[in-house]
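Engineer: I'd like to ask you about the structure that follows.
The values are calculated or read from the model by the stated rules, or taken from the named source; none is laboratory data. Bear in mind that the values here come from a model prediction, so they are computed numbers and not experimental data. Here Cβ is always computed from backbone atoms with ideal geometry, including for glycine, and neighbour counts include all displayed protein chains.
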Amino acid sequence: MLTIGPALVLALPVLVVLLSLLQPQWQVWQHLAETVLSDYVKNSLILAFGVGAGTLVLGTCLAWCCHHYEFWGRRPLQWLLLLPLAMPAYIIAYSYTGLLDFAGPLQTALREVFGWGYGDYWFPEIRSLHGAILMLVLVLYPYVFMLAKTAFREQSQSLLEVSRVAGLSPFAHFVKVAVPLARPAILTGTALAMMEALADYGTVQYFGISTFTTGIFRTWFGLGNGLAAAQLSALLCSFVLLLLLLERWSRRKVRYFHLGGQHQVKRVPASGFKALWLWLFCALPVTLGFLLPVCMLIHWAWLTAEGHWNSRFLALAWNSFSLAALAALVILLVALIFAYARRLSASRWVHAPVTLVAMGYAIPGTVIAVGTMVPLVWFDKTLDALMQSWLGISTGLLLSGTVFALILAYAVRFLAVALHQVEAGLERIKPSMDQAGRTLGLSPQGVLTRIHLPLLTPSLLGALLLVFVDVLKELPATLILRPFNFDTLAIRAYEMASDERLADAALPALTILLVGIFPVIILSRAIEKATSMETADA
Amino acid sequence: MLKIDGLCLAYGQHQVVSDVSFAIPNGGIGCLLGPSGCGKSSILRAIAGFERPVAGEILLHERLVTSNETMLAPEKRRIGMVFQDFALFPHLTVAQNVSFGLKDKGSGASQARVEQLLEMVGMQSLGKRYSHALSGGQQQRVALARALAPKPDLLLLDEPFSGLDLELRESLASQVRDILKLEGISALLVTHDQNEAFAIADEIGVLHQGRLQQWGSAQALYERPANSMVAGFVGKGTLLPLWQESGAWHCVLGGLGNKDIQKASVCLVRPEDVLMGDDGVPATIVSISYQGAQSLCRVALEDGTELLIRCHGRQFVQIGQAVNLTLNKTDLTLLA
């Protein structure tokens, strides 16, 4: 019972979006179908599948190179390959637009070297569907990379030996044994990357591509039809649901495919040209997905620092950080309640609602924003009308357009992140530890403060940090739901970029990026630790 | 010391323990022995106060701690518990783990107690280590020291050796018995391994499907099992069908001496009850398990009945060899 109430609140936005289908807006739909709907569907699908294919191939190959070979620089590269996780897709899109622009450093250099003038040469247009796919692949491949690498590591060393004895080359082993065995993990990572691609708003909006997310925005603000926007959201949700099913299904398979046995990895030493090729291959995504755009941002930030590094920027940062911190604390609290409820009860009525709302991470921010806005505006209007007729006073907008609406939306989307951390931490506190504490004279409160609190603290801090950074990076939900004149770093970067003032977007973007690196460091440390513990066990 | 009367435990509709009663005297070591899922761990958890029984009473030192109305909190029962997974606190060192249940930590007396216990379990030099840097056997010792530190009235041990390898198990089991006797602490052990039970306990209860089958010393269980379940679970042996001939009981190996028993259907033949000689019932050796001082042979009678027999390790036997069997004694255990 404890979980049903909060879960219902968190499920409200998605429920609203789905229930909106009950009131079909035929006219708007007819209009959409005649004009842009086919573009939305086509572009969204091309984007999702392009990103899926790209991350799958790139992530898997990178994971195999780092797993199978030992070469100079493998350890730092393995860590650096996670860095693009810190890069929000819209920020990399801004950087590359500037980099590859007609007036950008690359084209200018080409013109100077070859003496070309305007129109003399062909140059690929980054602000296109292909460009968007490339941008998203560059920042989303770490999902597949991480999961595939873990899966490869869990494959027993003797499997490779069996393949070799059976006459397979290392490459044939990779194709015929390693990848099929790691398939569930690889598909999970791919599904996550595709969800992110469908959820993306910043990149496609900036590149001017009509997808579902930009379409929802346009329907809401352009046509002023909230209901139709909600219905478009529901359609987008059905795509997401397919991906979610794929992800769930492969996660379940991961367990079956998990093979015991020796985990000690014996890497094949590579030297000479082979090592160079491997090094270049692994260094390329890091360079393109992180170093290059960061250099561009630093350059811009340097150029514009004088005009921006002032009290207005500090106020902006304060807005962002305080909002993210507040959201992180609230979400952690909800996650703690859910996690403890699940630990203490075996009832399906406690578990099922939590499992359900923990799927919010798959719902695009735009959809959540629409789903949050509709009921809150309705609530405010109804309350206002009631108060007007009864007491003659106007209550105005109580919930919509407040921080409350923002935090509700963040909670829907990022609860899973916090919940995962807290539950992973709680899992390590075995029930027998509680009981050992009780037999050694602790009251239930004593067990909580003297055993759970010290053991959980790292997980709680990790959850706070992850949610903090996610909120900091979040764009579309903040854009729709923020209180009037309430600007954050992400919003400022977005607005500056929309005004074609890319250089002015750099400082806020860089700030988001720098803070975003911390969780990546923690993540890579956690992976490192898990690896070293396993080797110690073996 | 510990008295359990008519204990019934259930999870939802599923009854796991039915009407179990037994008692352990002061300083005694009891053991619940049974296959996995027989309800033995549930009984232990009920004694610790983690399970509320459907019916029955639990008394510790003649104080009622669990009944329909009473449910004393686990921390007030003065019991110690050693868990199957040891449940050491990973954020504390070995010494901090051991001192966890002591009232005035940091005082000279408690420090002395921690040192005394660590020495007793042979871990005196490892007090500053963390549990993840210890081997399974070492963790086991720390868990035992931690449970013993507050001098509990009763120590509960839940499959304490199941996570350890065979050799370590046997040496630890006898060490634990020595420590318990030295400290004069009553204990109740739960295990599915009869060697463990025999090595530690004064009295053993055999549990099957939630019911206590028999409570008694190891010798009593082995030599006078109460029913065919106990006979099959404790020790090796074969149950042979019986019939009556002119008022005396007979089995396929010959006539038996038990006259005063009216109703029985099988007799228990332990491997050492059968002799291999020149005359007797003909049989063929099917398999041999050589164990050094003796060998355990599986033989088949002409009607296909198989039984285990023990022979001297130096005696020459081989598979397929024809042998003749006679009974070593005639007062076998008869069971319904």
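Engineer: Evaluate the following for residue B:261: is it more than 20 Å from residue B:236 (Cα to Cα), of a type outside the set (Ser, Thr, Tyr) and within 31 Å of the chain's Cα centre (by Cα)? Lay out the reasoning, then the answer.
Structural biologist: Working: more than 20 Å from residue B:236 (Cα to Cα): yes; of a type outside the set (Ser, Thr, Tyr): yes; within 31 Å of the chain's Cα centre (by Cα): yes.
Yes, satisfied.
Engineer: Return the pairs, sorted by first residue and then second, in which the second residue is surrounded by 12 or more Cβ atoms within 10 Å (Cβ to Cβ) and in a loop (DSSP other than H, G, I, E, B), the first residue lies in region B:94-107 and is away from chain A (no Cβ under 12 Å) and without any contact (Cβ under 8 Å) to a residue 60 or more places away in the chain, the beta carbons are less than 7 Å apart, and the residues are 6+ apart or on different chains.
Structural biologist: Partner pairs satisfying both residue conditions: B:94/B:123; B:94/B:127; B:94/B:129; B:95/B:127.
Engineer: For region A:408-441, name all the residues that are crowded, with 19+ Cβ neighbours inside 10 Å and in contact with a Ser or Thr (Cβ under 8 Å, 6 or more places away or on another chain).
Structural biologist: Once the filter is applied, which keeps residues that are crowded, with 19+ Cβ neighbours inside 10 Å and in contact with a Ser or Thr (Cβ under 8 Å, 6 or more places away or on another chain), region A:408-441 yields A:408, A:409, A:412, A:421, A:422, A:425.
Engineer: Moving to a separate point now. Looking at A:219, A:190, which is the one that is in a helix (DSSP H, G or I) and either within 20 Å of the chain's Cα centre (by Cα) or acidic (Asp, Glu) (or both)?
Structural biologist: On the way: A:219 fails: either within 20 Å of the chain's Cα centre (by Cα) or acidic (Asp, Glu) (or both).
The match here is A:190.
Engineer: Taking region B:71-85 on its own, how many of its residues are closer than 18 Å to residue B:176 by Cα, of a type outside the set (D, E, K, R) and within 8 Å of chain A (Cβ to nearest Cβ)? Break it down stepwise before answering.
Structural biologist: Of all residues in region B:71-85, those closer than 18 Å to residue B:176 by Cα come to B:79-85.
After this cut, where a residue has to be of a type outside the set (D, E, K, R) as well, the list is B:79-84.
If we keep only those that are within 8 Å of chain A (Cβ to nearest Cβ) too, we end up with B:79-81, B:83-84.
Number satisfying all stated conditions: 5.
Engineer: Further question: Among the candidates B:218, B:173, B:226, B:199, which residue alone is over 20 Å from residue B:28 (Cβ atoms), assigned by TED's automatic domain parsing to the domain that holds residue B:39, among the aliphatic types (A, V, I, L, M) and surrounded by 16 or more Cβ atoms within 10 Å (Cβ to Cβ)?
Structural biologist: Details: B:218 fails: over 20 Å from residue B:28 (Cβ atoms); B:173 fails: over 20 Å from residue B:28 (Cβ atoms); B:199 fails: over 20 Å from residue B:28 (Cβ atoms).
The unique qualifying residue is B:226.
Engineer: May I ask you to verify whether residue B:287 is in a strand (DSSP E or B), modelled with pLDDT of 90 or more, surrounded by 12 or more Cβ atoms within 10 Å (Cβ to Cβ) and in contact with a strand residue (DSSP E or B) (Cβ under 7 Å, 6 or more places away or on another chain)?
Structural biologist: Values: in a strand (DSSP E or B): yes; modelled with pLDDT of 90 or more: yes; surrounded by 12 or more Cβ atoms within 10 Å (Cβ to Cβ): yes; in contact with a strand residue (DSSP E or B) (Cβ under 7 Å, 6 or more places away or on another chain): yes.
Yes: the conditions hold for residue B:287.
Engineer: Within region A:222-236, can you find the residues that are more than 14 Å from residue A:36 (Cα to Cα) and either at pLDDT below 85 or among the β-branched types (Val, Ile, Thr) (or both)?
Structural biologist: Across region A:222-236, the qualifying residues are A:224, A:225, A:226, A:227.
Engineer: Inside region B:143-171, can you point out the residues that are farther than 19 Å from residue B:75 by Cβ and either in a loop (DSSP other than H, G, I, E, B) or in contact with a Ser or Thr (Cβ under 7 Å, 6 or more places away or on another chain) (or both)?
Structural biologist: B:159, B:160, B:161, B:162, B:163, B:164, B:165
Engineer: Also: Pairs only if they're at least six apart or on different chains, beta carbon under 7 angstrom, first in region A:501-512 and over 11 Å from residue A:472 (Cα atoms), second of a type in the set (Ser, Thr, Tyr) and surrounded by fewer than 23 Cβ atoms within 10 Å (Cβ to Cβ); list them, first residue then second.
Structural biologist: A:502/A:97; A:503/A:304; A:504/A:304; A:506/A:304; A:507/A:304
Engineer: Tell me which residues, restricted to region A:387-413, are part of a helix (DSSP H, G or I), within 29 Å of residue A:325 (Cβ to Cβ) and not aliphatic (A, V, I, L, M).
Structural biologist: Here is the first cut: in region A:387-413, the residues part of a helix (DSSP H, G or I) are A:387-391, A:403-413.
Add one more test, that the residue is within 29 Å of residue A:325 (Cβ to Cβ), and what stays is A:403-413.
Passing the criteria: A:404, A:410, A:413.
Engineer: With the checklist (1) farther than 18 Å from residue B:327 by Cα; (2) β-branched (Val, Ile, Thr); (3) not assigned by TED's automatic domain parsing to the domain that holds residue B:41 in hand, flag the one item residue B:266 doesn't pass.
Structural biologist: Unmet for residue B:266, out of (1) farther than 18 Å from residue B:327 by Cα; (2) β-branched (Val, Ile, Thr); (3) not assigned by TED's automatic domain parsing to the domain that holds residue B:41: (1).
Engineer: Separate question: Is it the case that residue B:270 is buried (at least 16 other Cβ atoms within 10 Å of the Cβ), in contact with a Leu (Cβ under 8 Å, 6 or more places away or on another chain) and under 22 Å from residue B:239 (Cα atoms)? Reasoning before the result, please.
Structural biologist: Working: buried (at least 16 other Cβ atoms within 10 Å of the Cβ): yes; in contact with a Leu (Cβ under 8 Å, 6 or more places away or on another chain): no; under 22 Å from residue B:239 (Cα atoms): yes.
Taking the combined requirement at face value, the residue does not satisfy it.
Engineer: Let me ask something else about it. What are the residue pairs meeting all of these: first residue in region A:307-335, first residue under 27 Å from residue A:11 (Cβ atoms), second residue not in a helix (DSSP H, G or I), Cβ atoms under 8 Å, and 6 or more apart or on different chains?
Structural biologist: Close Cβ pairs satisfying both conditions: A:323/A:488.
Engineer: Something else about it: So residue B:142 clears everything in (1) under 17 Å from residue A:430 (Cβ atoms); (2) modelled with pLDDT under 90; (3) more than 9 Å from every other protein chain (Cβ to nearest Cβ) except one condition, right? Which one?
Structural biologist: Evaluating residue B:142 over (1) under 17 Å from residue A:430 (Cβ atoms); (2) modelled with pLDDT under 90; (3) more than 9 Å from every other protein chain (Cβ to nearest Cβ) leaves (2) as the failure.
Engineer: Select from region A:299-358 the residues that are of a type in the set (Ser, Thr, Tyr) and at pLDDT 90 or above and write down the one among them that is farthest from residue A:488 (Cα to Cα).
Structural biologist: Start the filter on region A:299-358 by keeping residues that are of a type in the set (Ser, Thr, Tyr), which leaves A:304, A:311, A:320, A:322, A:340, A:345, A:347, A:355.
Filter once more, so that each one left must be at pLDDT 90 or above: A:320, A:322, A:340.
Details: A:320: 5, A:322: 10, A:340: 33 Å.
Per the criteria, the residue is A:340.
Engineer: In region B:20-55, which residue that is touching a Cys at 6+ places or on another chain (Cβ under 8 Å) and surrounded by fewer than 21 Cβ atoms within 10 Å (Cβ to Cβ) is farthest from the other protein chains (Cβ to nearest Cβ)?
Structural biologist: B:55
Engineer: Could you list, in sequence order, all residues of region B:296-331 that are of a type outside the set (Ser, Thr, Tyr), at pLDDT below 85, part of a loop (DSSP other than H, G, I, E, B) and farther than 11 Å from residue B:286 by Cα?
Structural biologist: B:313, B:314, B:315, B:316, B:328, B:329, B:331, listed by residue number.
Engineer: Counting only residues that are surrounded by fewer than 24 Cβ atoms within 10 Å (Cβ to Cβ) and acidic (Asp, Glu), which one in region A:157-210 is farthest from residue A:41 (Cα to Cα)?
Structural biologist: Out of the qualifying residues, it is A:161.
Engineer: Another one. Going by the conditions given, is residue A:115 over 29 Å from residue A:269 (Cβ atoms) and either surrounded by fewer than 18 Cβ atoms within 10 Å (Cβ to Cβ) or more than 20 Å from the chain's Cα centre (by Cα) (or both)?
Structural biologist: Numbers: over 29 Å from residue A:269 (Cβ atoms): yes; either surrounded by fewer than 18 Cβ atoms within 10 Å (Cβ to Cβ) or more than 20 Å from the chain's Cα centre (by Cα) (or both): yes.
It is true that residue A:115 is over 29 Å from residue A:269 (Cβ atoms) and either surrounded by fewer than 18 Cβ atoms within 10 Å (Cβ to Cβ) or more than 20 Å from the chain's Cα centre (by Cα) (or both).
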